[in-house]
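Engineer: My questions all concern the structure below.
The values are calculated or read from the model by the stated rules, or taken from the named source; none is laboratory data. Just so it is clear, the structure is predicted and the values come from calculations on it, not from any experiment. Every residue, glycine among them, receives a Cβ derived from its backbone with ideal geometry; neighbour counts consider all protein chains shown.
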There are 2 protein chains.
Amino acid sequence: MTPHDAPDSVGLVQTRTVRLFTDAPLRLTHGGELRDVEVAYETYGRLDAAGANAVYICHALTGDAHAAGWHAGDRRAGWWDNLIGPGKPLDTDRFFVVCANLLGGCQGTTGPSSVNPATGRAWGLDFPLLVMEDFVAVHRALCGQLGIRRLLAALGGSLGGMQVLQWSLEHPEEVANALVVAASSRLTAQNIAFSAVGRRAITDDRDFREGQYAAAGVNPDTGLSIARMMAHITYLSEDAFTEKFGRNPQFDAHRPGFGIDFAVESYLDHQGQAFLERFDALSYLYLSRSMDYFDPFARVGVLDAVVARPVNYLVVSFDSDWRFSTAHSLRIVNRLEHAGLPVTFREIHSSFGHDSFLLADPTYHATLRAFFDRALEVGV
Amino acid sequence: MTPHDAPDSVGLVQTRTVRLFTDAPLRLTHGGELRDVEVAYETYGRLDAAGANAVYICHALTGDAHAAGWHAGDRRAGWWDNLIGPGKPLDTDRFFVVCANLLGGCQGTTGPSSVNPATGRAWGLDFPLLVMEDFVAVHRALCGQLGIRRLLAALGGSLGGMQVLQWSLEHPEEVANALVVAASSRLTAQNIAFSAVGRRAITDDRDFREGQYAAAGVNPDTGLSIARMMAHITYLSEDAFTEKFGRNPQFDAHRPGFGIDFAVESYLDHQGQAFLERFDALSYLYLSRSMDYFDPFARVGVLDAVVARPVNYLVVSFDSDWRFSTAHSLRIVNRLEHAGLPVTFREIHSSFGHDSFLLADPTYHATLRAFFDRALEVGV
């Protein structure tokens, strides 16, 4: 039996692509517009006759549309395969699950390295600035295309959770339940600082070429891998690093010098190099920057719509997450609760830090499962 | 009155240079040797007739010999001027204070960018690997030159505290009192990870040229500034960043885009650029790497000498320091206490993170003052 034959796997899947905004352009929040936006997406399960079982997955900074199942020939399943499948917490026998690469991404959806029809070369830094509202606008257009008028639930971790929160505040009539995991409604100065230095490593790389690296036949490998390695440190807890690597040498014995010697150095090197295979430097700039600007509760009246048409919230944090700590989740919970909205909050114990949202912690998964089950019971 | 005329200032000072290891070379712990080691140092106060009032300052990663007072024309006093001067906690009316740029540095002491007499160009990566014992060997040679046979105290923060700890364990007969502040006896995987990514930014910079950047007339500015910006995030607490910058824009209003917009971005940019004026990329590699390898208590018998000739310890941590947290200091305290050594431990409340050791927190300074006063009373 191959892994995709397992009874709890959605099996072999393919990423499909749809072209949206073909008639009227997408107007971006901070100016500019895009026509003919390509969106890569996958679906698992079937939309029921009432259109009442759709769950939309919003992915994080470096995710893609391939959340579950197997692409032919791949050695790894989709990035959230532990959650999504027959009998899994997000049970594809009962739910219709959608996941799309977000606007600005580099995994099949239009982004800053796509060709600008006006110039015939990559958009580069001429691509419009993206904020959370823009991602949501494209998700909504995809739902329209798929015949989904109202989501039973939207779910996302980290940047994904921020999209879910934005969607629920802006169009509560479209989201019955919102699951906001390991997210933030307002990055701190330290959060912004980490992202800013990562972006700086990219834009200061001589091969960035003001964003026109593809036309020059080069790629800012150094900057992009430095950004990834640095960000990765913030995705794990200090304890997780200690448990995983401690001060162990990578080889039989220490080789004192400036090469890779400690195991943690080898791990980071691998993270940085592997990232170059799958991610684009301009997408990294655009998507990370969208988080810096996200601050929905700073806007007067932002809660008016959702108070008029309440969304049912689940907010989840992990106690070892120091990128978006429990304090970030509690700020969201407090704002929603003070507006009288139904909010369930869980802080999950996990030693793995921010990346815990991708792992199959039993308490975490049981929490999601219970929330989805109840959502289905209550209905859209 | 100019600042250097203030009654509590040591006034105008000059960095002097001495050449050591002129007869016999310095043999480095991991191999290699150095002849004619230049050492830049400053002294404040006077060595008393009994030679019993000397306090040696070991500086941190990017410090230098200029700990106190003013260089003619400078707009800033030495880096630890708030601590050192007439009537200050380290009272130069009573103590003879010595501070030297450490081996491998770039502020007057021989380092990897010094000329290798064998080639006539910079040592570069041919400079011997440096560990804590090597720094201490040069400090000891300087003390010999200055006629100091036994220190009343050695004091250092961060990497400086690590040198003090090493010195006290290796040559307890030379150190009556050891003040180890915001230091560690064993970096964690996360600590190493941050340093490793910083070094990687330097060595992957195309202008690093395998360490021979000076001969090529270039400098790895991008890598060195990225390393500094990233490290700087770890020197402040998250709260300090929030208090200092929050989400404030740098200009009158936000200018959404990829330029400097948030105040914290401008601050980091300044830190990165200013660092290029005063620091050398090879020194950054060598000095940061020495910390990764420091793990004195892993060595069997390391405490034998100090148990036979006890040193009196003061170990200080800051509660908001997440680079070398209180747990690091407590590990040192526990090892020393279990060996029966006299150890005073203080965790100081401060919201500024690792850099607190450079600041004039009243409780912190009162603690140092009391310890120095008692040291003088007890004598060498």
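Engineer: In the stretch A:127-147, which residues are in a helix (DSSP H, G or I) and touching a residue at least 40 places away in the same chain (Cβ under 8 Å)?
Structural biologist: Scanning the stretch A:127-147 gives A:Met132, A:Glu133, A:Asp134, A:Phe135, A:Ala137, A:Val138, A:His139, A:Ala141, A:Leu142, A:Cys143, A:Gln145, A:Leu146.
Engineer: Same structure, new question: Within the stretch A:159-196, how many residues turn out to be part of a helix (DSSP H, G or I) and either polar (S, T, N, Q) or more than 9 Å from chain B (Cβ to nearest Cβ) (or both)?
Structural biologist: 18
Engineer: So, one more: Any chance the stretch B:226-240 includes a residue that's polar (S, T, N, Q) and either over 21 Å from the mean Cα position of the chain (by Cα) or at pLDDT below 95 (or both)?
Structural biologist: Taking every residue of the stretch B:226-240 in turn, none turns out to be polar (S, T, N, Q) and either over 21 Å from the mean Cα position of the chain (by Cα) or at pLDDT below 95 (or both).
Engineer: Taking the stretch B:309-332 on its own, how many of its residues are in a helix (DSSP H, G or I) and more than 29 Å from B:Val378 (Cα to Cα)?
Structural biologist: 1
Engineer: Continuing with the same structure: Report yes if some residue within the stretch A:32-55 is in a loop (DSSP other than H, G, I, E, B), modelled with pLDDT of 95 or more and of a type in the set (Ser, Thr, Tyr); otherwise report no.
Structural biologist: No, the stretch A:32-55 contains no residue that is in a loop (DSSP other than H, G, I, E, B), modelled with pLDDT of 95 or more and of a type in the set (Ser, Thr, Tyr).
Engineer: For the stretch A:347-360, which positions are out of contact with any Asp or Glu (no Cβ under 9 Å at 6 or more places or on another chain) and surrounded by fewer than 18 Cβ atoms within 10 Å (Cβ to Cβ)?
Structural biologist: A:Leu359, A:Ala360
Engineer: Against the definition (in contact (Cβ under 8 Å) with a residue 24 or more places away in the chain, part of a strand (DSSP E or B), under 29 Å from B:His354 (Cα atoms) and of a type outside the set (Val, Ile, Thr)), how does B:Ala154 come out, yes or no?
Structural biologist: yes
Engineer: Another one. Which one of these is facing chain B (nearest Cβ under 8 Å), farther than 21 Å from A:Phe352 by Cβ, at pLDDT 95 or above and within 23 Å of the chain's Cα centre (by Cα): A:Arg206, A:Arg199?
Structural biologist: A:Arg199
Engineer: Next question. With the structure loaded, tell me whether B:Val316 is in contact with a Lys or Arg (Cβ under 6 Å, 6 or more places away or on another chain), more than 11 Å from chain A (Cβ to nearest Cβ) and either within 18 Å of B:Ser168 (Cα to Cα) or at pLDDT 95 or above (or both) or whether it fails that test.
Structural biologist: Spelling it out, B:Val316 is indeed in contact with a Lys or Arg (Cβ under 6 Å, 6 or more places away or on another chain), more than 11 Å from chain A (Cβ to nearest Cβ) and either within 18 Å of B:Ser168 (Cα to Cα) or at pLDDT 95 or above (or both).
Engineer: Quick one: in the stretch B:209-224, of everything that is within 13 Å of chain A (Cβ to nearest Cβ) and of a type in the set (A, V, I, L, M), which residue is farthest from B:Ala54 (Cα to Cα)?
Structural biologist: Only one residue fits best here, namely B:Val218.
Engineer: Scan the stretch A:255-272 and give yes if some residue there is crowded, with 21+ Cβ neighbours inside 10 Å, touching a Phe, Trp or Tyr at 6+ places or on another chain (Cβ under 7 Å) and under 20 Å from A:Ala60 (Cα atoms), otherwise no.
Structural biologist: There is no residue in the stretch A:255-272 that is crowded, with 21+ Cβ neighbours inside 10 Å, touching a Phe, Trp or Tyr at 6+ places or on another chain (Cβ under 7 Å) and under 20 Å from A:Ala60 (Cα atoms).
Engineer: To continue, here is another question. Please count how many residues of the stretch A:243-283 are within 12 Å of chain B (Cβ to nearest Cβ) and part of a loop (DSSP other than H, G, I, E, B).
Structural biologist: Going through the stretch A:243-283 one residue at a time, the tally reaches 13.
Engineer: Would it be correct to say that B:Leu20 is among the aliphatic types (A, V, I, L, M), at pLDDT 95 or above and surrounded by fewer than 20 Cβ atoms within 10 Å (Cβ to Cβ)?
Structural biologist: no
Engineer: Only one residue in B:Val311, B:Val300 is farther than 30 Å from A:Pro128 by Cα, exposed (fewer than 14 other Cβ atoms within 10 Å of the Cβ) and either within 12 Å of another protein chain (Cβ to nearest Cβ) or not acidic (Asp, Glu) (or both), so which one is that?
Structural biologist: One residue alone meets the criteria, B:Val300.
Engineer: Would you call B:Arg331 within 30 Å of B:Arg299 (Cα to Cα), surrounded by 19 or more Cβ atoms within 10 Å (Cβ to Cβ) and assigned by TED's automatic domain parsing to the domain that holds B:Leu165?
Structural biologist: Answer is no for this residue.
Engineer: Moving on to the next point. Tell me, please, whether a residue that is in a helix (DSSP H, G or I) and more than 18 Å from B:His171 (Cβ to Cβ) can be found in the stretch B:339-348.
Structural biologist: no
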